[in-house]
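A short worksheet on the structure shown next.
The values are calculated or read from the model by the stated rules, or taken from the named source; none is laboratory data. The model shown is predicted, which means the values in this text are computed figures rather than measured ones. So basically every Cβ, Gly included, is an ideal-geometry build from the backbone, and we count neighbours across all protein chains shown. Each accessible area value is taken on the protein alone, full model and side chains, heavy atoms only, with ligands, DNA and RNA left out. Shrake-Rupley method; radii C 1.70, N 1.55, O 1.52, S 1.80 Å.
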Amino acid sequence: MLAYFLKVNVAIALFYAFYRLFFYKDTFFGWRRTALLCFFAISAAVPLLNIQTWITEQKPMAAMVDLYANVVLPEFTVSPQTTIDWKNMIRKAATFAYWGGVAFLIIRFFIQLAGIIRLACRCRTVRIGGSNIHLLSREGGPFSFFHWIFIYPSSHTEEEFNEILTHEQTHARQWHSIDVIISELVCILCWFNPFAWLMKREIRTNLEYMADARVLENGYDSKAYQYHLLGLSHHKAAATIYNSFNVLPLKKRIKMMNKKRTKEIGRTKYLMFLPLAVLLMIISNIEAVARTTKQLATEVIEAVDTSMEPTPKAITHTNDSIPEDVIFEVVEVSPEFTDGGMDGLIKYLSKNLKYPVEAQKAGIQGRVVVKFVVDKDGSIIQPQIARGIDPALDKEAIRMISAMPKWKPGTQRGKAVKARFTVPVMFKLPEDAKGEPAYAPVNTQLEEIVAVAYKPSTPNAKVEGDVFEVVEHMPEFPGGVQGMMQYIARNLKYPTEAQKAGVQGKIIVEMIINKEGNITVPKVTRPVHPLLDAEAIRVIGSMPKWKPGTQKGQPVNVKYSVPIMFRLQ
């Protein structure tokens, strides 16, 4: 949403500069009116038009995406959390200031609108020249709002009154108030953008040009009309939502009335803003593709850092001594629930989990992720919430995990060690629940229980020798993780059918990198959709050779997982 909003404001600034450069001095007031309104419409629409698939298929565009992602976009860095999160505080302050400005301008807008409606109700109305004229009870500048025309007749001669009437009827009959309202709303939403206010000023001024031109076309004397305008200059017009007869600056209006009419051939230049709109659309989509590429890169790096590479504590010891207080994230033999292994754990959770009544009544449900450590003697220690939903559900998940019987501890080099384990607990209300204690405490599918620990795989039929999950030196893509993410971003194609269906999500592809560095046996371990799964397999299968993993200085077969994110903008 923020990216869209910024693109809209940049487009407004570019269109204003384009207007000043090409349209500012001509006399095609009707064309100018259309162009100015189109500028707002195109600014809002361009960021929403999606041509990302086409861009990724064009080699020059793909090169621009790479350049933009690596040069223009900021690098994603991970830094320790400071005591005061200044970035977050500034973001919150900016958000508060923005919405405060919007609220103030909305209130101002409705106060002005209410003032006009109240004035229309109080004034005496007469019918003149097919228009309803509201006669002001005290001296003030003439103005119109939609088909309401307000005039203080005592301040004008008959000739001046007719000029004013023609002027304001032009505003009313051509619905100029719509332009004014649109420009006001844009300024409310983009109040911090000076170009939005400048565009609003140009819209208001051009409407006055149109009304002035209509007065002169009706045969009124040009000089007399201009002197009349100067005579009304003491009636100061504030920036309001009505069309004021004496809107400033008068100097521009008088100069435009005396200006020689622009030649008809000059109309062709109004077609020039179409290439600008197309260019903005291309740039917007290049930026979106580059940002998606960068996001994919970040997710790949994070997934590799947290999921695929072993922790130093688990792999750096080459002798038989193991530090007493080390908590392993990866061990040779995973901890195991004593009574029945993984199936027994699922049964235990289903039997012992109690759905808090207050959470049932509030209709709260979802998945709570609990981390804990299986100690050397198999006892459960240090349970904590890795992802919470509701205090009551979080508390129940912790209670149930803490009450588990002792496990069979994990082992490293034949010795029992402390190992970390992660269990997601699913709280789900049945659809026909009516307030009674009813719950579905945990999904019975095996994949609901996820342990962050591994043991050596059995030999794969398509790969000679053992397949390792943890080795001293993990396999490496040419160019490292950064090279891998750039390769995936460049070669991944979003299936058109999946885009139309709105399908998106993260796919995990598991593969074996053999002793020669070749990708073998790629398979999807976390599917999303057949089309996306197939594309992920295609990209992984097309990778060049890797630097193989090594164990005790020898290349070995290593299992490796890569997350691939498909995300619609």
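When nucleic acids and ligands are ignored and a 1.4 Å probe is applied, TYR24 ends up with an accessible area of around 50 Å². Coupling constants for the stretch 173-180 follow from the phi torsions by the Karplus curve (6.51 cos²θ - 1.76 cosθ + 1.60, θ = phi - 60°), and in residue order they are 6, 9, 6, 5, 5, 5, 4, 5 Hz; glycine and proline get x. Separation of the alpha carbons by more than 18 angstrom is noted, of LYS515/LYS552; LYS200/LYS223; LYS200/LYS269; LYS223/LYS259; LYS347/LYS376, for LYS200/LYS223; LYS200/LYS269; LYS347/LYS376. Heavy-atom accessible area for LYS515, with the other protein chains in place and a 1.4 Å probe, reaches approximately 90 Å². Taking amide H atoms as placed 1.01 Å from N in the peptide plane, the amide H of ARG526 lies under 5 Å from those of ILE508, each 5 or more residues away in sequence or on another chain. Taking R0 as 22 Å, what's the FRET efficiency between ALA403 and ASP377 from their Cβ-Cβ distance, rounded to 0.05? Efficiency computed from Cβ-Cβ geometry: 0.85.
For the stretch 10-22, putting each phi into the Karplus relation 6.51 cos²θ - 1.76 cosθ + 1.60 with θ = phi - 60° gives couplings of 5, 4, 4, 4, 5, 5, 5, 4, 5, 4, 4, 6, 10 Hz, in residue order, rounded to whole numbers and with x for Gly and Pro.
Extension gain for the segment MET1 to LEU568, taken as residue separation times 0.36 nm less the Cα-Cα distance, is 202.8 nm to one decimal.
Label-to-label distance for GLN554 and PHE161 is 11.0 nm, based on points extended 7 Å past Cα in the beta-carbon direction. Scalar couplings 3J(HN,Hα) for the stretch 255-264, obtained by applying the Karplus form with A = 6.51, B = -1.76, C = 1.60 to θ = phi - 60°, are 4, 5, 5, 8, 6, 5, 5, 5, 5, 4 Hz; x denotes Gly and Pro. On the basis of the beta-carbon distance and an R0 of 41 Å, ARG387 and LEU274 show a calculated FRET efficiency of 0.25. Less than 5 angstrom separates the built amide H of ASP26 from none of the residues sequence-distant by 5 or more or on a different chain.
Quick one: of LYS371/LYS506; LYS395/LYS559; LYS351/LYS415, which pairs are farther than 27 Å apart, Cα to Cα? Over 27 Å apart, Cα to Cα: LYS395/LYS559; LYS351/LYS415. Length gained on full extension, ARG122 to PHE110, computed as 0.36 nm times the residue gap minus the Cα-Cα distance: 2.5 nm.
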